[in-house]
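The values are calculated or read from the model by the stated rules, or taken from the named source; none is laboratory data. This structure is a prediction, so every number in the text was calculated from the model and none was measured. All Cβ positions, even for glycine, are placed from backbone atoms using ideal geometry, and neighbour counts span all protein chains on display. All accessible areas refer to the heavy atoms of the entire protein, side chains included, with ligands and DNA or RNA removed. Shrake-Rupley method; radii C 1.70, N 1.55, O 1.52, S 1.80 Å.
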Amino acid sequence: MPRYKNLTTVQEDLSNGLITCEHLVEYYVDRINATKDLNVYIEVFEEEALAQAKALDAKYQNDPASVGKLFGMVISIKDVLCYAGHSVTAGAKILEGFKSLFTATGIERLLAEDAIIIGRVNCDQFAMGSTNENSHYGPTKNGLNPEKIPGGSSGASAVSVQIDTCLVALGTDTGGSVRQPAAFCGILGFKPTYGRVSRYGLLAYGSSFDQIGVLANSIEDIALTLELMAGRDDFDSTSSSKEVPAYSKANFNKKAKIAYFPTAVEHRSLDADVRNQTLNLIKSLRADGHTVEGVDFDYLDYIIPAYYVLTTAEASSNLSRFDGIRYGYRSPNATNLEETYTMSRTEGFSTEVKRRIMLGTFVLSAGYYDAYYGKAQKVRRLISEKTAEIFKDYDFILMPTAPGPAWDIGAVNDDPVAMYLADIFTVQANMAGIPAISIPLGMSDGMPIGVQLMANKFEEGKLLAFSKEFV
Ligand code: GLN
């Protein structure tokens, strides 16, 4: 079986009779079994995926025109996305044994186009983290070097594509969780505009930030997957009713005007390879006739504090439903109602999740609300407005995806703030609700690094079309 990097070549081989969906699924299951040490999959839907593949092969045999647009696309899903009848745990003990009652709208739409879901992959608990170490199921390892983190929180989604166990992975991005692991694993990661893809069936972390994103090896696969998932959904009132253009057919046939922040790109604390390769890219874009200009943006320092105030506040509210009564795990050690609540939550959540619930409860509490939550909302508004101003003059903002390459597993375990600060470049897109992509840029210290491009709201077509210049 060749290593497929995009759906077009899979579909060519399917139509030439060189492969079948069944062979494809068997191949990916073999790959999953051969890479178990990396701890990528929490659950493999082997029998079901094989049955679905056989049914699709038969359908295709009967009438090649009857299959959907994603015929031959094998997908892994992050363990925060609901798939009816299947377990979903957000990487946490508290959801042990819980099965989804319905399917996330995004997944429903991919299944309707004949995508095959091969399994459920690991992630940081409740999508909180940048390393994938914060999972009840243990850390996922980077496929390029198992001593290194794959990034997070959609780290295993990234590795599942990196090591060829599926063609495309679904992740979620609240502050960079699709783009940063994509960069650390040497693949593409895309976060859409807030509201572009329904959040129905996505276990909420920060509801005003969360979006489902796509990880893949090709822009065309991201464009097609996004185009099919996007659009209004009555089950998510924040989903946009704006028409979904054919992202897979979008073109960008002119010279781009790109902004970058010299304060960020030239910062001394940046990894030297990240800095030099980003600056080299800027040079080569200029040589190709694009305009790339440094722009002042004085708000970078405020992004991380405001993000961690707002998302922890939203998380403390979202996670209050996990009380040991309604879903999943209930402590066997409790002897009365109050103990059931406290012990189930104490035993069911990780330290990091508890830290964030406490922080969120604190910033929302009477007496501190105005000083923290209220102020952070104002900062968010300011950052959105200043970002929108840049797009009046520029098509894109260019930024490294992360300040450096993947670090060693265990390196920042006891320093949460160091981990939070590493999100510095990805969080702006979530604060402003704009689309952003991470594209492989090069290597540093033997590990991949990425460059990030952001565009104005609902300009995913333009962003994806221009990104093709880089890959
Ligand atoms: N690392 C960030 C956080 O821990 C982003 C997580 C995400 O995007 N889900 O909040």
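Each label was represented as a point 7 Å from its Cα along the Cα-to-Cβ direction; for residue 388 and residue 354 these points are 4.2 nm apart. In this rough spin-label picture, where each label sits 7 Å from Cα along the Cβ direction, the residue 284-residue 443 distance is 1.6 nm.
For the range 220-327, GluC sites (Glu not before Pro) meeting the loop criterion (DSSP other than H, G, I, E, B) and having at most 14 other Cβ atoms within 10 Å: 243, 266.
Straightening the chain between residue 54 and residue 469 buys 145.7 nm, computed as 0.36 nm per residue apart minus the Cα-Cα spacing. Pairs of Lys residues in the range 24-107 that lie 8 or more places apart, or on two chains, and have C-alpha atoms under 26 angstrom apart add up to 11.
Over the range 98-184, the Kirkwood radius and the radius of gyration, each from Cα atoms, give a ratio Rg/Rh of 0.98. Given the -39500 (n - 2.57) contribution per DSSP H run of 4+ residues, what per-residue ellipticity at 222 nm results for the chain, rounded to the nearest 500 deg cm²/dmol? Value at 222 nm, helices only: -11500 deg cm²/dmol.
In order along the range 21-33, the phi-based Karplus estimate (6.51 cos²θ - 1.76 cosθ + 1.60, θ = phi - 60°) of 3J(HN,Hα) comes to 4, 4, 4, 4, 5, 4, 4, 5, 5, 4, 4, 4, 5 Hz; Gly and Pro are listed as x.
Rolling a 1.4 Å probe over the protein heavy atoms of the range 374-471, with every protein chain left in place, gives an accessible area that is 51 percent carbon and sulfur. As a fraction of the 1.4 Å probe accessible area of the range 87-212, surface on carbon and sulfur atoms comes out at 51 percent. Label residue 241 and residue 87 with points 7 Å out from Cα along Cα→Cβ: what is the distance between them in nm? In this crude spin-label approximation the distance works out to 4.1 nm. What the Cβ-Cβ distance of residue 251 and residue 299 gives, at R0 = 30 Å and to the nearest 0.05, is a FRET efficiency of 0.35. Extension gain for the segment residue 415 to residue 46, taken as residue separation times 0.36 nm less the Cα-Cα distance, is 129.0 nm to one decimal. Here the mean projected area of the convex hull built on the C-alpha positions of the range 274-394 is 11.7 nm². Spread over its residues, the convex hull of the C-alpha atoms of the range 130-250 is 98 Å³ per residue.
Pairwise alpha-carbon distances in the range 327-441 exceed 23 Å for 55% of all pairs.
Looking at the range 387-471, the accessible area is 31 square angstrom per residue; that uses a 1.4 Å probe and ignores ligands, DNA and RNA. Computed over protein heavy atoms with a 1.4 Å probe, the carbon and sulfur contribution to the accessible area of the range 37-79 reaches 48%.
In order along the range 338-354, phi translates into HN-Hα couplings of 4, 5, 4, 4, 5, 6, 4, 6, 4, 7, x, 9, 7, 4, 5, 5, 5 Hz, rounded to whole numbers, per the Karplus curve 6.51 cos²θ - 1.76 cosθ + 1.60 with θ = phi - 60° and x for Gly and Pro. Taking amide H positions as modeled 1.01 Å from N, with prolines and chain starts lacking one, the residues under 5 Å from residue 213 and 5 or more places away or on another chain are 171, 172, 173.
Among residues other than residue 1 with Cβ under 11 Å from its Cβ, the summed charge is -2 (Lys and Arg +1, Asp and Glu -1). Counting only protein heavy atoms and a 1.4 Å probe, the range 303-385 has 53 square angstrom of accessible area per residue.
The residues neighbouring residue 334, those whose beta-carbon lies less than 12 Å from its own, together hold a net charge of -2 under the Lys/Arg +1, Asp/Glu -1 convention. Projecting the Cα atoms of 410, 143, 427 onto the charge dipole of the chain (Cβ charges, centred on the Cα centre) puts 427 farthest toward the positive pole.
Diagonalising the gyration tensor over the Cα atoms of the chain and scaling each eigenvalue by 5 before taking the square root yields semi-axes of 31, 30, 21 Å, largest first. The residues of the range 13-104 have, on average, 44 Å² of accessible surface per residue, using a 1.4 Å probe with all protein chains present.
If you plug the beta carbon distance of residue 339 and residue 378 into 1/(1 + (r/R0)^6) with R0 = 51 Å, you get a FRET efficiency near 0.80.
Sketch the reach of a paramagnetic label on residue 62 as a point 7 Å from Cα along Cα-to-Cβ, and name the residues of the range 6-42 whose backbone nitrogen lies under 17 Å away. Of the residues in the range 6-42, 21-22 have backbone N under 17 Å from the label point off residue 62. Computed over the Cα atoms of the range 29-121, the ratio of the radius of gyration to the Kirkwood radius (Rg/Rh) comes to 1.01.
In this structure the amide hydrogen of residue 115, modeled in the peptide plane, comes within under 5 Å of the amide hydrogens of 70, none closer than 5 places in sequence on its chain. Dimensions of the range 17-173 along the principal axes, based on C-alpha atoms and rounded to the nearest Å, stand at 47, 34, 24, largest first. Here the Karplus curve 6.51 cos²θ - 1.76 cosθ + 1.60, taken at θ = phi - 60°, turns the phi angles of the range 322-332 into couplings of 8, 10, x, 9, 7, 10, x, 6, 10, 4, x Hz, with x standing for Gly and Pro.
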